[in-house]
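Shown next, in structure tokens, is the structure this report addresses.
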Amino acid sequence: MTSSSTATSVDRRRYIELDGLRGIAVLAVVLCHYGNELDRYFPGLPPAAVSGEPVGWLLRYGYFGVQLFFLLSGFVILLTARKVATPRDFVVARVSRLYPTYWACLTVTALVGWLSAQAVLQRLPLEVALNYSMVQRLIRVEDVDAAYWSLSVELIFYGIIWSVFMARGALRDKDVERLVLVWLTVALVVASWYRVTDGSSITLVVLLLTASQYAGFFSAGMLLLLSRERGRLHPLVAVCVLAQAVVSWLVVDAVEATVVVPLMAFFAYVIMQSRVGWLRVPGLVFIGAISYPLYLLHQNLGYLLIEAAAPSLGRWPAMLLGFAALAGVAWVAHRTVEGPWSHALRKRLSRQPDVRRARP
């Protein structure tokens, strides 16, 4: 690995390593879904099982790529919130960034699901319509694509940031630190309640609505932004790691808790470096740049491609074919939707009057 000295301030240029991390995150998720989760949908396919490590481990635990996305969100969303002038500007920035690409990918996924012969990938028209809100899990409606589950968690985090922004008028360091301490406390209480009640329905709802299962990831991401700005690791980062490990143990198991620690340590190390050469590899940066549409498109559409190709090509060639095809579609979505449509929506929403700003 190539890296230089520790960062002493936030680089105002694009921090390319973030795209590299996004690339790692989405590749891990894709590998897990194509090599492991796919068998739950199509159990008769040639196996992708690998006995050796680390590929076999990634097939089982690549879903931790989503947790890496949560760490990234903590860092990036706080950075966004501290750049904009008002809470409304924050909402406009996130809505315009997420929804156009999501709507386009959702439409394609739903249509292909209906055209396919696979009932497991099809949804009712009302379910599809409600999915356009992105809050379907919060109202107990099934996702059109199972990968969408993480979007509701992200929205809850955005809501928390917006609430603090509204209450405090800004997101100063002290506001962030207080938020982290309160959220981690809530997460530990809710996770303990979940464990004691053996996952009762009410605790599941509270766990979802407070995003307690993932509070440590978002919190660490936010504190690492403060750490990068200051040029030294914030002491509360260690508290986040410990709290997240405990929550993961209470809600899931000891294996999950064990994996959390090196994942968060790796992210902290990268963030505190001014440059990490191997995360700037063009191919990885490219995958990171298209990671949002790729994440939204890869699962159901990839499953259909692999299910069709695996009997003749074999599992791994079919997986590579599915990934290449969906990466191509994601690139098209990135160029034609994620950039132009998001910019157009942000411009349109920004023209609306801000009532909060207009007050004398």
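Out of Arg228, Arg137, one residue alone is closer than 20 Å to Phe266 by Cα, in contact with a helix residue (DSSP H, G or I) (Cβ under 6 Å, 6 or more places away or on another chain), charged (D, E, K, R) and in contact (Cβ under 8 Å) with a residue 60 or more places away in the chain. It is Arg228. Within region 164-179, being assigned to a helix (DSSP H, G or I) and either of a type outside the set (A, V, I, L, M, F, W, C) or under 19 Å from the mean Cα position of the chain (by Cα) (or both) holds for Arg168, Asp173, Lys174, Asp175, Glu177, Arg178. Of the candidates Gly169, Gly231, Gly159, Gly199, the single residue that is in contact with a strand residue (DSSP E or B) (Cβ under 8 Å, 6 or more places away or on another chain) and more than 17 Å from Val66 (Cα to Cα) is Gly231. Scanning region 106-127 for residues that are hydroxyl-bearing (Ser, Thr, Tyr), in contact (Cβ under 8 Å) with a residue 40 or more places away in the chain and buried (at least 20 other Cβ atoms within 10 Å of the Cβ) turns up at least one hit. Checking region 126-140 against the condition returns a match, with at least one residue being at positive phi and among the basic types (Lys, Arg). A single member of Ala308, Ala344 is surrounded by fewer than 13 Cβ atoms within 10 Å (Cβ to Cβ), over 14 Å from Val30 (Cα atoms) and out of contact with any Pro (no Cβ under 6 Å at 6 or more places or on another chain), and it is Ala344. Taking Tyr292, is it surrounded by fewer than 20 Cβ atoms within 10 Å (Cβ to Cβ) and in a helix (DSSP H, G or I)? Spelling it out, it is not the case that Tyr292 is surrounded by fewer than 20 Cβ atoms within 10 Å (Cβ to Cβ) and in a helix (DSSP H, G or I).
From the list Leu179, Leu225, Leu209, Leu242, pick out the single residue that is out of contact with any Leu (no Cβ under 6 Å at 6 or more places or on another chain) and buried (at least 20 other Cβ atoms within 10 Å of the Cβ). Reasoning before the result, please.
Values: Leu225 fails: out of contact with any Leu (no Cβ under 6 Å at 6 or more places or on another chain); Leu209 fails: buried (at least 20 other Cβ atoms within 10 Å of the Cβ); Leu242 fails: buried (at least 20 other Cβ atoms within 10 Å of the Cβ).
The conditions single out Leu179.
Taking region 44-163 and the helices (runs of 4 or more DSSP H) fully enclosed by it, the elements with 1 or more residues that are out of contact with any Ser or Thr (no Cβ under 7 Å at 6 or more places or on another chain) and over 19 Å from Val30 (Cβ atoms) are at 64-83, 87-115, 125-131.
All of (1) among the small types (Gly, Ala, Ser); (2) assigned to a helix (DSSP H, G or I); (3) over 21 Å from Val76 (Cβ atoms) hold for Gly216 with one exception: (3). Output yes when any residue across region 92-105 is within 29 Å of Ala308 (Cβ to Cβ), at pLDDT 95 or above, of a type in the set (Ser, Thr, Tyr) and touching a helix residue (DSSP H, G or I) at 6+ places or on another chain (Cβ under 9 Å), and no when none is. Looking for residues that are within 29 Å of Ala308 (Cβ to Cβ), at pLDDT 95 or above, of a type in the set (Ser, Thr, Tyr) and touching a helix residue (DSSP H, G or I) at 6+ places or on another chain (Cβ under 9 Å), one finds at least one in region 92-105, hence yes.
For the structure I just gave you, tell me whether Leu250 is more than 30 Å from Phe42 (Cα to Cα), in contact with a Lys or Arg (Cβ under 8 Å, 6 or more places away or on another chain) and assigned to a helix (DSSP H, G or I). Lay out the reasoning, then the answer.
On the way: more than 30 Å from Phe42 (Cα to Cα): yes; in contact with a Lys or Arg (Cβ under 8 Å, 6 or more places away or on another chain): yes; assigned to a helix (DSSP H, G or I): yes.
Considered against the rule, which asks whether it is more than 30 Å from Phe42 (Cα to Cα), in contact with a Lys or Arg (Cβ under 8 Å, 6 or more places away or on another chain) and assigned to a helix (DSSP H, G or I), Leu250 comes out as yes.
The values are calculated or read from the model by the stated rules, or taken from the named source; none is laboratory data. As the structure is a computational prediction, the values presented were derived from the model and not from experiment. Quick reminder, even Gly has a Cβ in these numbers, built from the backbone with ideal geometry, and neighbours come from all protein chains shown.
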